[in-house]
Amino acid sequence: MQTYWLVNQRAINILIIGLVSVLTVLLIVAFIEQPVHDNALRTLALDNLEKTGVSNPVTAVLLNYRAYDTYMEFAVFLCVAVAVVPYVLDVQVSAQKPSSESQVLSIAKVFVPLSIIMGGYLLWIGSSQPGGAFQASSLLAGCLVLLSLANVKTIDFSKVRIRLLLSSGLLAFVAVIILSFFQTRGFIILQPTFAGALILFVEFFATFAISVTLFLCFESIHKGHL
Amino acid sequence: MIMLTQSILFSICAAILLAIGLMGFLLTSDFLRKLLALNVIGMAIFMVLIAAASADPNAIDPIPHAMVLTGIVVAAAGTALGLNLASKIARFARSIQNENSTQQNKTVGSEKVRSEKHTPDGKGK
Amino acid sequence: MTGNLWIDILLCLCVLFIAASIFLVKNTFSAIVLFISLGLVVTFCWIRLNAIDVAIAEAAIGSGLTGAMLVAAWRKLSSDNSKNQHRKDKEKSE
């Protein structure tokens, strides 16, 4: 079967290069000519930092000022996990015991405990220094990926408790929203005295949920599609 | 000519990175490179956001940092979905190719059987 | 221009060079390795721009996890191609 091109392929390439160059030049001119703007939003965010319960401004923005966006993001993660789980469940569970101890396993034996401790530290220190839930969850996901590459049977995704773990971030956030509604009569308005504890509560469960979701994304490509 | 601050330098770099990613996406036919190009475009957009956040040298603007943090993780999840799609397409194409090759073998085999049946009749007649 | 700005200019040139060479190499595995290194150089850019949280997340997720997924997918896709090639060669010889 022969495919017929309606136009010349070379002309299309030259057209694409020309148009993208024009777009780039216009973007650069726009970046250079931008007016100096006083950032009222940043001043507001940094001035009210004590009322948020944390002292790291990025964590305050993520989980207090723009908590609704993070809530939506947890829901998006749950959708991605639901979309990717069938690829992992299709694989027949075969006993993969390596004959001798592989080198990846010896690396994992050194790095996994250290990474778990570092992940816990990043989660805790996220309220005052750079860190937080996403960084800690990425470390934990790296641990799981390393163990999966060493042929260690880590997570069986057909169990109910793993599905509960995947949705725990969203559930914790919903619980915080409902409980804070009863206290302040507003949608995601955290009282300054409890805000730090509530943020840590949400971040704790979100770490596990995001790390298992990221590991699931890797596992579906590594073990699936046979 | 222009006052070259750190913010403007990284904004220009981000614009050229966007151009590289966009041209790479449109001019390559390999699927894996298209996914790489999408990720490069994503990194360029994150660079625009953070370069705009660091315009003031005294205070950091935390709101674009939060947006980029969300964006990085969602881009990784999106890449995972795209790679799953690529593997599924490759498996489907491989099964179609297997079907075509077995069908060709069957037609070749039946032609051989038909020609063997004809020759005894032709010789007899 | 101060010394800090020269470091930034060098960093931007590195980023653009690596990004351009992702699409100019012939081997797909080299493109994936260049993408992982692009993620690490971009982590440097975030540190220069005072975005430490973004740098930690980019180094782990944007470069590490995405790179691992890409290599796993490349292994699956390239093994499909090579298996088909072997099957075609077997059929031609038979």
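Rule-based calculations on the coordinates, nothing more; no lab input. Keep in mind the model is a prediction, meaning the values are calculated, not measured. Using ideal geometry, Cβ is built from the backbone for each residue, glycine included, and neighbour counts are taken over all protein chains shown.
Using the Cβ atoms and a cut-off under 15 Å, what net charge is assigned to the surroundings of residue A:34, where Lys and Arg are +1 and Asp and Glu are -1?
Details: positive: none; negative: A:33, A:38, B:56, B:61.
Around residue A:34, the charge tally is -4.
With springs only between Cα atoms under 10 Å apart, run a GNM on chain A and tell me which of A:198, A:164, A:140 wobbles the most.
Checking each option, the largest mean-square fluctuation is seen for A:164.
Hand me the trypsin sites (Lys or Arg not before Pro) from segment A:78-180 located in a DSSP loop with no more than 14 other Cβ atoms within 10 Å, in residue order please. Provide the component values of the computation, followed by the final result.
Numbers: sites: A:109, A:153, A:159, A:161, A:163; in loops: A:153, A:159.
Sites meeting the loop and neighbour criteria: A:153, A:159.
Among residues other than residue A:195 whose Cβ falls under 11 Å from its Cβ, what is the net charge (Lys/Arg +1, Asp/Glu -1)? Don't skip to the end; give the middle numbers.
Values: positive: A:51; negative: A:50.
With Lys, Arg at +1 and Asp, Glu at -1, the net is 0.
Principal axis extents for segment A:135-180, Cα atoms only, whole Å, descending order, please.
That works out to 44, 27, 7 Å along the principal axes.
Starting at the first residue of segment B:77-90, write each ³J(HN,Hα) from the Karplus equation 6.51 cos²θ - 1.76 cosθ + 1.60 with θ = phi - 60°, in whole Hz, x for Gly and Pro.
My calculation for segment B:77-90 gives 5, x, 5, 4, 5, x, 6, 4, 5, 5, 5, 5, 5, 5 Hz in order.
If a paramagnetic tag sat 7 Å from the Cα of residue A:128 along the Cα-Cβ line, which residues of segment A:190-212 would have the backbone N under 20 Å from that point?
Flagged as within label range: A:192-204.
Taking a 22 Å limit on the Cα-Cα distance, which of the listed pairs C:26/C:76; A:223/B:88; B:88/C:26; A:159/B:88; A:153/A:223 fall beyond it? Don't skip to the answer; put the middle values down first.
On the way: C:26/C:76 19 Å; A:223/B:88 13 Å; B:88/C:26 24 Å; A:159/B:88 25 Å; A:153/A:223 12 Å.
Listed pairs above 22 Å: B:88/C:26; A:159/B:88.
Go through segment A:57-72 residue by residue and turn each phi into a ³J(HN,Hα) via Karplus (6.51, -1.76, 1.60, θ = phi - 60°); whole Hz please, and just put x for glycine and proline.
Values, residue by residue: x, 5, 5, 5, 5, 5, 10, 10, 5, 10, 5, 5, 5, 5, 4, 5 Hz.
Please list log₁₀ I(q)/I(0) at q = 0.11, 0.16, 0.18 Å⁻¹ for chain A, using the Debye equation with identical point scatterers on the alpha-carbon positions.
Evaluating at q = 0.11, 0.16, 0.18 Å⁻¹ gives log10 I(q)/I(0) of -0.78, -1.06, -1.20.
Taking the Cβ of residue C:32 as the centre, find all other residues whose Cβ is under 12 Å away and add up their charges (Lys, Arg: +1; Asp, Glu: -1). Could the numbers behind the result be given before it?
Details: positive: B:33, C:75; negative: B:30.
Net of charged neighbours comes to +1.
When the helices in the protein assembly as shown are scored as -39500 (n - 2.57) per DSSP H run of 4 or longer and the sum is shared across all residues, what 222 nm value do you end up with, to the nearest 500 deg cm²/dmol?
On the way: 16 runs with 335 residues, N = 445.
The helix-only estimate for the protein assembly as shown comes to -26000 deg cm²/dmol at 222 nm.
Can you give the convex hull volume per residue for the Cα atoms of segment C:5-60, as a whole number of Å³? Don't jump to the answer; show the numbers that get you there.
On the way: hull volume 3.2 nm³, N = 56.
It comes to 58 Å³ per residue, whole-number rounded.
Quick one: give the max-minus-min coordinate of the C-alpha atoms of segment B:6-124 along each principal axis, largest first, in Å.
103, 24, 10
Roughly what would the spin-label model give for residue B:92 and residue B:34, points 7 Å off Cα along C-beta, in nm?
Modelled inter-label distance: 1.3 nm.
Based on DSSP loop calls and a cut-off of at most 10 other Cβ atoms within 10 Å, the longest stretch of chain A free of exposed GluC sites (Glu not before Pro) is what? The partial results should precede the final answer.
Details: sites that count: A:33, A:101.
Within chain A, the longest run free of exposed GluC sites (Glu not before Pro) spans A:102-226.
Over segment A:94-224, what per residue volume does the convex hull of the Cα atoms give, in whole Å³? Intermediate results must be reported in sequence, preceding the final value.
Values: hull volume 14.7 nm³, N = 131.
Per-residue hull volume (Cα only) is 112 Å³.
Once the Cβ-Cβ distance between residue B:56 and residue A:79 is put in as r, and R0 is 35 Å, what FRET efficiency do you end up with, to the nearest 0.05?
On the way: r = 37 Å, r/R0 = 1.06.
Here the calculated transfer efficiency is 0.40.
Quick one: what are the phi-derived ³J(HN,Hα) couplings along segment B:95-107, Karplus 6.51/-1.76/1.60 with θ = phi - 60°, whole Hz, x for glycine and proline?
Coupling constants for segment B:95-107: 5, 5, 5, 5, 5, 5, 5, 5, 5, 5, 5, 5, 5 Hz.
Can you work out the FRET efficiency for the pair residue A:223 and residue B:2, with r the C-beta to C-beta distance and R0 = 51 Å, to the nearest 0.05? Don't jump to the answer; show the numbers that get you there.
On the way: r = 53 Å, r/R0 = 1.03.
The value I calculate is 0.45.
If N is the number of residues in the protein assembly as shown, what value comes out of its Cα radius of gyration divided by 2.2 N^0.38 Å?
Details: Rg = 26.6 Å, N = 445, 2.2 N^0.38 = 22.3 Å.
So the Cα radius of gyration is 1.19 times the expected 2.2 N^0.38 Å.
Which whole-number value in Å³ per residue fits the convex hull of the alpha carbons of segment A:30-74? It would help to have the intermediate numbers written out before the result.
On the way: hull volume 4.7 nm³, N = 45.
Spelled out: Cα convex hull of segment A:30-74, divided by residues, is 105 Å³.
Is there a simple number for the mean count of other chain Cβ atoms within 10 Å of the Cβ of residues in C:18-28, and what is it? If you can, show how the numbers build up before the last one.
Details: counts 2, 13, 7, 1, 9, 12, 1, 1, 0, 0, 5.
Average neighbour count from other chains, rounded to a whole number: 5.
Say a paramagnetic label sat at a point 7 Å from the Cα of residue A:39, along Cα to Cβ; which residues of segment B:35-65 have their backbone N under 12 Å from it?
B:49-65
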